[in-house]
Protein chains: 2
Amino acid sequence: MGSLTEENYIKSIYALSGETGEVSFTDLARKLEVKLPTVNSMVKKLAVKKMIVYAPYKGVKLTEKGKKEALSIIRKHRLAELFLVKVMGLGWEEVHDIAEQLEHVDSPRFFDRMDELLNFPKADPHGEPIPDTDGKLPAKKRVALSEVAEGKTVKIIAVSVDEKPFLDLLNIKRIHIGDTITIQKREPFDGSLAILKSGNEIILSQQVTERLFVE
Amino acid sequence: MGSLTEENYIKSIYALSGETGEVSFTDLARKLEVKLPTVNSMVKKLAVKKMIVYAPYKGVKLTEKGKKEALSIIRKHRLAELFLVKVMGLGWEEVHDIAEQLEHVDSPRFFDRMDELLNFPKADPHGEPIPDTDGKLPAKKRVALSEVAEGKTVKIIAVSVDEKPFLDLLNIKRIHIGDTITIQKREPFDGSLAILKSGNEIILSQQVTERLFVE
DNA sequence: TTAAAATGTTAGACTAATCTAATAAAATAA
DNA sequence: TTATTTTATTAGATTAGTCTAACATTTTAA
């Protein structure tokens with residue numbers, strides 16, 4: 001395991017990896033809130049440690065070792081979030097910042113015990129899958145609510161960001177993981193949706209529906 | 001709140017403070033496992049921040065502000081230890097290292113919730129008192145087992161160190177906080193004690209009895 | 001297809017926390 | 001009370017992580 005800073009770089013690279021796995025220095029710098037040269041020197045260091053592959057003027061990509069490290073941190077983060085909600089009774093909108101700190105705790109016992117107490121959960125409070133100890137992720141086939149056709153009835157299974165302002169809004173609109181909803185109408189002008197949840201109509205903007213996953 | 005390093009200095013200075021509150025640089029260096037000049041420069045920095053009072057060639061002493069900071073860290077450490085034992089089911093000999101990390105978590109919500117779930121406890125698993133949010137410590141009048149006369153019956157209320165080898169030994173000897181014991185005989189040669197606990201004789205060395213507190 | 005814009009790199013400096021080596025002051029013991 | 005030992009200080013170097021300014025390469029668009 002590396003330093004706290006190194007862990008945060010690995011985690012951010014993982015989070016920004018798309019199809020190809022390639023991540024640009026600019027995106028990484030924005031995500032980590034540091035300047036470009038800082039990312040540059042840190043990336044070189046991580047390359048020496050074989051956490052990433054790097055060639056000048058190309059993007060950066062995690063190695064298998066780096067991916068495993070990322071998944072280990074993500075496992076700790078998501079277990080912590082679920083633990084904070086289920087066992088400690090905190091709200092899903094307030095646990096992210098605490099989990100951000102707990103994910104760096106070095107103690108397999110601590111997290112394995114959480115896992116046990118939560119009865120080996122598959123997903124965190126935002127519906128994101130929890131990797132197992134070997135870094136395996138439960139496969140997730142899911143679609144954004146913004147892609148679902150009018151008239152369909154679907155179940156909300158995940159949110160794609162866990163930032164407080166977004167979660168606060170969902171709380172206000174009374175949208176939660178596990179809810180079953182029906183798409184009533186899509187407004188062509190701005191892409192907003194009118195949905196029906198247990199008889200009540202709720203209006204959601206496109207910015208919101210793009211970040212809600214359903215099955 | 002300062003950096004992790006600063007928090008550890010404050011905590012160590014508090015732990016080493018005796019009657020006068022004065023702590024020597026040498027003791028501090030040994031406790032923190034750094035060299036003397038390191039302590040010297042760090043102490044100057046803490047003095048600028050008004051956490052300690054310092055004059056060249058004199059010892060160092062916490063200010064009221066420093067004491068409050070120390071007690072806030074100790075509160076978090078002890079709540080975490082008790083939480084790990086009572087709620088998460090870990091052994092009292094394995095929680096210290098985890099609490100050592102959790103004590104630096106910045107989240108009043110997290111620790112206040114622990115406090116609630118534990119029903120506002122007065123002491124941690126080692127019998128050490130837990131400061132309240134204002135940094136007030138429940139008064140403790142207690143005496144080392146090594147000071148108790150032969151024939152007396154006393155209750156074990158605390159241990160003065162929470163390092164694994166010591167707690168492992170207590171587990172083996174089946175000595176726990178809350179046990180009631182009777183001092184049978186003190187061996188004059190080495191100060192070891194023969195004590196009686198629910199009919200069984202247990203021999204404890206002076207190194208052990210000095211670290212057990214009773215009332 | 002070349003000029004402009006975007007992206008990445010290098011050089012050099014800064015802060016926090018640490019170290020070693022040399023020196024100074026205080027405490028202790030001969 | 002002086003010499004020795006212990007304790008504290010200063011000076012200067014090192015590493016991790018960050019910065020700004022200047023430069024280089026790649027991509028995009030005119």
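Assess whether B:ARG113 counts as being without any contact (Cβ under 8 Å) to a residue 12 or more places away in the chain, of a type outside the set (A, V, I, L, M), crowded, with 16+ Cβ neighbours inside 10 Å and within 14 Å of another protein chain (Cβ to nearest Cβ). Spelling it out, B:ARG113 is indeed without any contact (Cβ under 8 Å) to a residue 12 or more places away in the chain, of a type outside the set (A, V, I, L, M), crowded, with 16+ Cβ neighbours inside 10 Å and within 14 Å of another protein chain (Cβ to nearest Cβ).
Taken together, the residues in the range A:1-50 that are hydrophobic (A, V, I, L, M, F, W, C), within 10 Å of DNA strand D (Cβ to nearest atom), closer than 24 Å to B:LEU4 by Cα and surrounded by 17 or more Cβ atoms within 10 Å (Cβ to Cβ) amount to 4. The lone criterion from (1) farther than 27 Å from A:ARG78 by Cα; (2) not in a helix (DSSP H, G or I) left unmet by A:LYS50 is number (1).
Just one of the numbered conditions (1) part of a loop (DSSP other than H, G, I, E, B); (2) within 16 Å of DNA strand D (Cβ to nearest atom) is not true of B:GLU93: (2).
Residue-level check: of (1) farther than 21 Å from B:ASN8 by Cβ; (2) away from every other protein chain (no Cβ under 11 Å); (3) not basic (Lys, Arg), B:SER72 misses just (1). Within the option set B:VAL105, B:VAL87, being within 9 Å of chain A (Cβ to nearest Cβ), among the β-branched types (Val, Ile, Thr) and over 30 Å from B:LYS44 (Cβ atoms) holds for one residue only, B:VAL87.
Remark: A:ARG113 matches the filter, which requires a residue to be assigned to a helix (DSSP H, G or I), of a type outside the set (Phe, Trp, Tyr) and more than 19 Å from the chain's Cα centre (by Cα). Residues in the range A:51-85 that are over 16 Å from A:LEU4 (Cα atoms) and aliphatic (A, V, I, L, M): 10 in all. The set of residues from the range A:155-172 being touching a Gly at 6+ places or on another chain (Cβ under 9 Å), surrounded by 15 or more Cβ atoms within 10 Å (Cβ to Cβ) and charged (D, E, K, R) is empty.
Which residues, counting only those in the range B:51-70, are more than 18 Å from B:SER24 (Cβ to Cβ) and surrounded by 22 or more Cβ atoms within 10 Å (Cβ to Cβ)? Of everything in the range B:51-70, just one residue is more than 18 Å from B:SER24 (Cβ to Cβ) and surrounded by 22 or more Cβ atoms within 10 Å (Cβ to Cβ), namely B:GLU69. Remark: A:GLY135 falls outside the filter, which requires a residue to be within 14 Å of chain B (Cβ to nearest Cβ), in contact (Cβ under 8 Å) with a residue 24 or more places away in the chain, of a type in the set (Gly, Ala, Ser) and more than 16 Å from DNA strand D (Cβ to nearest atom). Scanning the range B:10-43 for residues that are over 16 Å from B:LYS76 (Cα atoms), in a helix (DSSP H, G or I) and either touching a residue at least 40 places away in the same chain (Cβ under 8 Å) or near DNA strand C (Cβ under 10 Å from one of its atoms) (or both) turns up B:ILE13, B:ALA29, B:LEU32, B:LEU36, B:PRO37, B:THR38, B:VAL39, B:ASN40, B:SER41, B:MET42.
Quick one: is B:THR5 near DNA strand C (Cβ under 8 Å from one of its atoms), within 14 Å of another protein chain (Cβ to nearest Cβ) and in a helix (DSSP H, G or I)? Steps first, answer last, please.
On the way: near DNA strand C (Cβ under 8 Å from one of its atoms): yes; within 14 Å of another protein chain (Cβ to nearest Cβ): yes; in a helix (DSSP H, G or I): yes.
Criteria met by B:THR5.
Filtered by the rule that a residue be assigned to a loop (DSSP other than H, G, I, E, B), of a type in the set (S, T, N, Q) and over 21 Å from A:GLY91 (Cβ atoms), the range A:157-205 gives A:SER192, A:SER198, A:SER205.
Every number in this text was worked out from the coordinates using simple rules, so none of it is lab data. Everything numeric in this text was worked out from a predicted model, so none of it was measured. Cβ coordinates were reconstructed from backbone atoms using ideal geometry, including for glycine residues, and neighbour counts include every protein chain displayed.
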